[in-house]
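Just below is one structure, and these are the notes that go with it.
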Amino acid sequence: MLGILIKFKNQKVVSKKVVIIGGGVSGLSAGIYCQLNGFDTEIFEMNNLPGGQCTAWDRKGYRFDYCLHWLVGTASGPFHSIWKTTGVLNDSVKVINHEIYSKIVDDKEGEFLIYSDIIRWEKYLIEMAPEDATAIKKMCSDMRKTSKLQPFSNPAELRSVTDYVTSFMKIFPALPLFAKYGKKTCTEYFQSLKLTNKRLIFFLNAIFGDNDFSALAFLMMLGWFHQKNAGYLLGGSLPLSIRMAEKFKSLGGTLYLGKKIDKIIVNNGVAKGVLLNDGEVINADYIISAADGYATIFKMLEGKYQTEQIKTAYSTWTLFTPIVQVSFGINKEIISGVATQSILTDGIRIGKTLLKNGYSLMNYSFDATMAPKGKTVIIIRFESPWALWEDLTGDDYKTEKKQIENDALVLLEKQYPGVSEFIEKIDVATPKTTVRYTGVWKGSYEGFLPTATNISKTIKMTLPGLENFYMCGQWLFPGGGLPPAAQSGKWAAQLICKKEKKVFVE
């Protein structure tokens, strides 16, 4: 008997294996939480760097960042806890809270500022439009109420009555806003305020009034800034992703880079493994797809497992318009008091793209890690419809990129006269660049646009008729972004723990 007991104690316990498709923020988050909960976890990422779209690239000593402008959860709340657990935030990471969120510039109407502090912005707006003081105070009051909102910590399947009651008590001041504006666009919201100052109306609609953008999304965004809970992490996107990858590996997880998954293997309605594009088969007990939503559902799973909501979302929901990014490495220090500017234009083209919403200009002089000392990185970004890029190949593609480079340089010279002679490097990243490195559907970098009709909707992490499979990532949530992506990775691990009847460890 004693020998049997000793043999039993020394017997190795075999952990369940989880394969994660995609090493972006959601996949890395899922991997970290799976490792914390005792699973044997492998992540397969198609790019040669971790992070997915949360990335940057180095050119001639300059770093051109593609993703991070601000990050919800830098100070408090459920997202903050995730950032701490996954290594995104630690004592050595500096958070910058910009005084001005953005400056908008129009040739006719002049400059318009959006302050991060709602109280200061309210004062600024009333000085601009004293006749609209009552409406402005109401708008800013609405923003302060939404700043009380916090996301749920647990997925819907694991929420208790206590979770809902606690959340209800916290968001009680904002509940009337959901009832009144939950299905309104920004344009409808601005109309309801009955503003009269033409300049104020112009700027608000120019920034937020297009594409049926949700009124609630607008109100919540400024609420996060006001709380100083949406700061910028010094160093930007790539160090953020590398910190997550290192945390995952330090917990014993395995990260494969340059490995693309072609198919999810299903036997009798149960996900059993994945097929790599080189023909290798990897078996697993659970599969989590943190890859592009369209590629997961319609390619890797061949469209066999769908809900009516998925059919509706992928056929009717509006997507974020892809962006083109033109990055400039400048051999000169160009200090700017405002990190981000939106330049409104009328009828200007960059390459084949007509700038309907103008372009943004970001000066990274506030982050010394982006350029060598005495030098500056400035980036121009603009929306460019996928239809312009989908079939553009070969010499035509190269010609378009060169034209964009030339046209963007003209715009940069207009903002900073004489800058051309100091430029050492220009880099053009197109929607096709994004698709090539991340597989994102139609180049839509944040997935579904948060509109008045979908802002309160989410796509389920499970699919009907398919066991041991979970989806995570920003395609589950209109509005996308890093925080819900990372949270969904945690939720996937929680759901696996529930199925395995394990107590979840955070």
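The values are calculated or read from the model by the stated rules, or taken from the named source; none is laboratory data. Only a predicted model underlies this, so the values are computations on that prediction, with no experimental measurement involved. Cβ sites come from the backbone with ideal geometry, for glycine too, and all protein chains shown count toward neighbours. Heavy atoms of the whole protein, side chains included, go into the accessibility calculation; ligands, DNA and RNA do not. Shrake-Rupley method; radii C 1.70, N 1.55, O 1.52, S 1.80 Å.
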- Message: What pairs come out if I take residues in segment 425-437 that are open to solvent by 50 Å² or more (accessible area, probe 1.4 Å) and pair them with residues that are aliphatic (A, V, I, L, M) whose C-beta lies under 9 Å away, six or more apart or interchain?
- Response: LYS425/ILE330; TYR437/MET46; TYR437/LEU49
- Item | Residues satisfying the stated conditions in segment 206-256, i.e. without any contact (Cβ under 8 Å) to a residue 40 or more places away in the chain and of a type in the set (Lys, Arg) | LYS249
- Query: Among the residues of segment 376-383, is there at least one that is farther than 25 Å from ASP58 by Cβ and in a strand (DSSP E or B)?
  - Reply: yes
- Query: How many of the residues making up segment 308-352 are open to solvent by 40 Å² or more (accessible area, probe 1.4 Å) and over 30 Å from ASN205 (Cβ atoms)?
  - Reply: 7
- Query: If you go through segment 439-460 one residue at a time, do you hit one that is more than 18 Å from LEU392 (Cβ to Cβ) and in a helix (DSSP H, G or I)?
  - Reply: no
- Would it be correct to say that PHE328 is of a type outside the set (Val, Ile, Thr) and assigned to a strand (DSSP E or B)? yes
- If we take segment 9-116, then strands (runs of 3 or more DSSP E) inside it with 1 or more residues that are in contact with a Cys (Cβ under 9 Å, 6 or more places away or on another chain) and open to solvent by 20 Å² or more (accessible area, probe 1.4 Å) are 40-45
- Query: Which fully enclosed strands (runs of 3 or more DSSP E) of segment 191-300 have 2 or more residues being crowded, with 20+ Cβ neighbours inside 10 Å?
  - Reply: 230-233, 261-267, 270-276, 286-289
- For segment 134-146, state whether one or more residues are assigned to a loop (DSSP other than H, G, I, E, B) and either out of contact with any strand residue (DSSP E or B) (no Cβ under 7 Å at 6 or more places or on another chain) or over 14 Å from PHE203 (Cβ atoms) (or both). no
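Could you identify the single residue in SER360, SER289 that is farther than 30 Å from TRP491 by Cβ and of a type outside the set (Asp, Glu)?
Selected residue: SER360, the only one of SER360, SER289 that is farther than 30 Å from TRP491 by Cβ and of a type outside the set (Asp, Glu).
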- Item | Where GLU390 falls short, out of the listed (1) in contact with a helix residue (DSSP H, G or I) (Cβ under 6 Å, 6 or more places away or on another chain); (2) open to solvent by 50 Å² or more (accessible area, probe 1.4 Å) | (1)
